[in-house]
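Since every read-out is calculated from the coordinates, none of them should be taken as a lab result. Note that this is a predicted model, so its numbers are computed, not measured. Virtual Cβ from ideal backbone geometry, glycine too; neighbours counted across all protein chains shown.
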Amino acid sequence: MRVNVVGDPLPNIPWEERPVGCQDVVWRSARNPIIPRDATSGSNSIFNSAVVPYRGAFAGVFRIDDKCREMRLHAGRSEDGVHWTLNHERIEFVTSDPELGPFVYGYDPRVVWIEDRYYVTWCNWFHGPTIGVATTHDFEAFYQLENAFLPFNRNGVLFPRKISGRFAMVSRPSDNGHTPFGDIFYSESPDMRYWGNHRYVFGTAGGWQSTKVGAGPIPIETSEGWLMIYHGVLTSCNGFVYSAGAALLDLDKPWKVIARSRRFIMAPRTLYENVGDVPNVVFPCAALCDAATGRLAIYYGGADTVVGLAFSMVDDLVDYIKADSLV
Ligand code: BMA
């Protein structure tokens, strides 16, 4: 490996070799979509979801839009990261402060282990969309903390360790609708309650990322900087098109961009990405990385309908970003 990854060896993450003849930096699982829209009896669609290693296997928080088209979060477990058992009941967040509730909607979760517990962030209704935060140890009880920010905000993604002694998060200030703009900002907190030291990371650029950008999976710490996969949106004559790109951020000052892909790493092009409740969407929310090999398993939503799995190698992704960087 040319690039060193900081993290645990995870030899059991899902993995498929790059298909013979494939030139792409990211390739899709032959088993896609790994979670169909009707994997639970109550679901209209299951997509933009987050998974983590858990007790030698895997656990996650899944976006399930139900048959009333309400946006809910459900916990799930898997032995192999491909076949999932999803709870039919939604997560009921525990909070001692009634003013944090009621739960109205939750979507686009991310999950990360920091120090001694798992943290979940998601787009949470609080008089509009903002960043909800909760903790869990067992993916059974989830304890809700203060929302990180005021509305309107989405795509709150925590870093997997403290930076300069503080929790760190990127987020994307937005509006109350489908947000025709959006840049990525960085914030820090001493206690996961009060957030400040806000810094600008990056905004839109050309083509596939010309309307808005937002962080995707939890950033991966490497010897080349934080590897951050993100989504970028283009406005076509037929609506938004969601693709994915990647950037390298400074390890100590993550608002400083070392390199950023001019080309997408993945754009909607299969039937389950081009056709669904919202066509032309790939929306990554999680990535498992085997630090020993640099293998990456990326979980993403397809067309706001199903969960897909894709693969890459950290070395290849870093080379790809640096070979044609915007900065
Ligand atoms: C965004 C979010 C995502 C969704 C995307 C495409 O604003 O709502 O959950 O995947 O739009 O519809």
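Quick notes on this structure:
- Projected label points at K256 and V82, each 7 Å from Cα along the beta carbon direction, are separated by 4.3 nanometres.
- The packing ranking, built from the mean of other Cβ atoms within 10 Å per residue, places the peptides 141-148, 305-312, 7-14 in the order 305-312, 141-148, 7-14, highest first.
- Less than 5 angstrom separates the built amide H of F152 from those of S174, all sequence-distant by 5 or more or on a different chain.
- The phi torsions of the range 35-50, fed into the Karplus equation with coefficients 6.51, -1.76 and 1.60 and a -60° offset, translate into couplings of 10, x, 5, 10, 5, 10, 5, x, 8, 7, 6, 9, 8, 2, 10, 10 Hz, rounded to whole numbers, with Gly and Pro shown as x.
- The phi-based Karplus calculation (6.51 cos²θ - 1.76 cosθ + 1.60; θ = phi - 60°) puts the 3J(HN,Hα) values of the range 76-86 at x, 9, 8, 7, 10, x, 10, 9, 10, 9, 9 Hz, whole numbers, x for Gly and Pro.
- Dividing the convex hull volume of the alpha carbon atoms of the range 95-139 by its residue count gives 82 Å³ per residue.
- Percent antiparallel among DSSP beta bridges (both partners in the chain, rounded to 5): 100
- Evaluated at q = 0.31 Å⁻¹: base-10 log I(q)/I(0), Debye formula over Cα of the range 28-79: -1.19
- At 1.567 mPa s and 4 °C, Stokes diffusion of the range 158-206 via Kirkwood alpha-carbon radius, µm² per second: 109
- In the range 195-327, a dipole from Cβ-located charges (positive for Lys and Arg, negative for Asp and Glu) runs towards its positive end, and of L271, A205, G232 it is A205 whose Cα lies farthest in that direction.
- What you get for the chain, charging only the Cβ of Lys and Arg (+1) and of Asp and Glu (-1), is a dipole of about 640 debye around the Cα centre.
- Between amide H atoms placed 1.01 Å from N, distances below 5 Å from V278 occur with D304, all of them 5 or more places distant or on a separate chain.
- As a size descriptor, the averaged projected area of the C-alpha convex hull of the range 142-286 was calculated at 9.4 nm².
- Each principal axis of the Cα cloud of the range 15-110 was taken in turn, and the coordinate range along them, longest first, works out to 55, 31, 23 Å.
- Translational diffusion coefficient of the range 1-40 (Stokes-Einstein, Kirkwood radius from Cα pairs, 10 °C, 1.306 mPa s): 118 µm²/s.
- Residues with amide H under 5 Å from that of T222, placed H, sequence gap 5 or more: V6, L227
- Each peptide in 214-222, 72-80, 116-124, 231-239 receives the mean, over its residues, of other Cβ atoms within 10 Å, and ordering these scores from highest gives 214-222, 116-124, 72-80, 231-239.
- Ranking Y119, N155, F142 by Cα position along the charge dipole of the range 1-156, where only Lys, Arg, Asp and Glu carry charges on their C-beta atoms, puts N155 farthest toward the positive end.
- Taking the inverse of the mean 1/r over every pair of distinct Cα atoms in the chain gives a Kirkwood hydrodynamic radius of 19.4 Å.
- Vicinal HN-Hα couplings computed from phi for the range 203-210 (Karplus, 6.51 cos²θ - 1.76 cosθ + 1.60; Hz; Gly/Pro x): x, 6, 9, x, x, 4, 10, 8
- Cα gyration tensor, the range 180-233 - rounded (a/c under 1.5), prolate or oblate: oblate
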